Amino acid sequence: MSAEISIVVPVFNTGDRLKKSMGSLLSQNFSDIHVIAINDCSTDNSGEILDEISATDSRFEVIHLDKNIGMNDSRGLGVQHASSPWIGFLDADDVAHPTMYGTLRQRALDTDADIAVCGTRLVDVSGRLINKWAYFPEEFEATEDLCVQFCRRAFGGSMVWNKLYRSHIIKGSLNLHFRWRPDAIEDTLVNIGCFRDAKKVAIVNDCLHDYLIHDESITNSADQLTSFLRLFRGFALAVDNFEGESDTILQAIAELFRLQISG
């Protein structure tokens, strides 16, 4: 399907939360979108819900997998199916505000940016605001040392789901080699590659994305030891993939993981 923006959604046992999440995509005020949902061998009713949504909107495509491949590979598969010049991501239980993708695209076009970034909110299951995770008090653009700035959290965090990427930027970074599953660190690793390759980043000073906090979310479910091991393994994968970069970038990557591990 040809569309201006492709939005890739990995799905694994999200159940009824899918309805609100996918509804937020299909009700975007910028309608020229292609939603690619990857059902990563869910064992609940996620597949049936996705098929029901697909039957009602031709912009919604579902790919059912018969083997679980994990978040990063699911995203990569979705991107392979995307033919749009712009690509974004949404977690299967999060919500995109109605203006999110139109705003990000227009901001990128206006500034000739490769990546546009908006703020995100942490919300509970009722939609109540818990906190703002990434928020920018003013709009700005950046062109210098983008990978280093990313590692120093100048762009609000390591996640992919509050960003819109030019297709060639994200496709290059999803070809990274992982010796094992990144276990919730894939966003950081992919974005290191994206910000290394980008020429300009543009920031939107609105929170246009809601990240759902619930009992089963990674944010809540990981204990301290599990979080430490994820970060340590993530750092090993970063070294493995980016060992040929400049000393400046390597030092920034090391500092990024050091702060996460110690914090």
query = Using 7 Å Cα-to-Cβ label points, what is the ARG179/THR143 separation (nm, one decimal)?
reply = 4.0
Inter-site label distance for GLU52 and THR99 at 7 Å from Cα along Cβ, in nm = 3.2
inquiry  = Using a Gaussian network model on the chain with a 10 Å cutoff between Cα atoms, which of ASP197, ASP66, ASP114 fluctuates the most?
reply    = ASP66
For region 81-137: rounded, prolate or oblate by the Cα gyration tensor [a/c cutoff 1.5] = oblate
message = Between region 225-263 and region 1-60, what is the separation of their alpha carbon centroids in Å?
response = 33
request  = Find the lysine pairs in the chain meeting two conditions, Cα atoms under 19 Å apart and a separation of 8 or more places or different chains, and report how many there are.
outcome  = 6
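Treat every Asp and Glu Cβ in region 1-98 as -1 and every Lys and Arg Cβ as +1, leave all other atoms uncharged, and give the resulting dipole magnitude about the Cα centre to the nearest 20 debye. Show your work: numbers first, answer last.
Numbers: 6 positive and 15 negative charges, 34 e Å.
With Lys and Arg at +1 and Asp and Glu at -1, about 160 debye.
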inquiry  = I'd like the carbon and sulfur percentage of the solvent accessible area for region 1-42, probe radius 1.4 Å, heavy atoms only, ligands and nucleic acids excluded.
reply    = 48
Gain on full stretching of the segment that runs from ASP240 to SER167 - 0.36 nm per residue minus C-alpha separation = 23.9 nm
task = Roll a 1.4 angstrom probe over the protein heavy atoms and tell me the percent of accessible area of region 141-204 that is carbon or sulfur.
result = 41
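Just in region 70-151: which trypsin sites (Lys or Arg not before Pro) are loop by DSSP and have at most 11 other Cβ atoms within 10 Å? Walk me through the numbers on the way to the answer.
Numbers: sites: ARG75, ARG105, ARG107, ARG121, ARG128, LYS132; in loops: ARG128.
Of the trypsin sites (Lys or Arg not before Pro), the ones in loops of region 70-151 whose Cβ has at most 11 other Cβ atoms within 10 Å are ARG128.
Just check region 57-174 against the gyration tensor rule for me: Cα atoms, a ≥ b ≥ c as the square roots of the eigenvalues, rounded for a/c under 1.5, and otherwise prolate or oblate depending on whether a/b exceeds b/c.
Numbers: a/c = 1.57, a/b = 1.20, b/c = 1.30.
In terms of gyration-tensor shape, oblate.
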ask   = For region 111-167, with every protein chain kept in place, what is the accessible area per residue (1.4 Å probe, Å²)?
value = 45
inquiry  = Can you give the local net charge around VAL35? Use residues other than it whose beta-carbon is closer than 9 angstrom to its beta-carbon, Lys and Arg +1, Asp and Glu -1.
reply    = -1
task = List the equivalent ellipsoid semi-axes of the chain in whole Å, largest first, each obtained as the square root of 5λ for an eigenvalue λ of the Cα gyration tensor.
result = 26, 22, 18
query = Taking the Cα centre of the chain as the origin, how large is its charge dipole in debye, to the nearest 20, when only Lys and Arg (+1) and Asp and Glu (-1) carry charge on their Cβ atoms?
reply = 320
query = So which GluC sites (Glu not before Pro) in region 1-88 end up in coil per DSSP with only 15 or fewer other C-beta atoms within 10 Å?
reply = GLU4
request  = Count charges around PHE136 for me, please; just the other residues with Cβ under 14 Å from its Cβ, Lys/Arg as +1, Asp/Glu as -1.
outcome  = +1
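Only helical DSSP H runs with n ≥ 4 go in: add -39500 (n - 2.57) per run for the chain, normalise by residue count and round the 222 nm mean residue ellipticity to 500 deg cm²/dmol.
-12000 deg cm²/dmol
Test of the criteria: in region 147-239, which chymotrypsin sites (Phe, Trp or Tyr not before Pro) are in a DSSP loop and have at most 15 other Cβ atoms within 10 angstrom of their Cβ? Intermediate values should be presented prior to the final figure.
Working: sites: PHE150, PHE155, TRP161, TYR165, PHE178, TRP180, PHE195, TYR211, PHE228, PHE232, PHE235; in loops: PHE155, TRP161, PHE178, TRP180.
Of the chymotrypsin sites (Phe, Trp or Tyr not before Pro), the ones in loops of region 147-239 whose Cβ has at most 15 other Cβ atoms within 10 Å are TRP180.
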inquiry  = Given a 10 angstrom Cα cut-off, can you work out which residue in SER246, SER173, SER24 is the most mobile in a GNM of the chain?
reply    = SER246
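The values are calculated or read from the model by the stated rules, or taken from the named source; none is laboratory data. Fair warning: this is a prediction, and the values are worked out from it, not measured in the lab. Cβ atoms come from the backbone with ideal geometry, glycine included; neighbour counts cover every protein chain shown. Note: areas computed on protein heavy atoms with side chains; ligands, DNA, RNA excluded. Shrake-Rupley method; radii C 1.70, N 1.55, O 1.52, S 1.80 Å.
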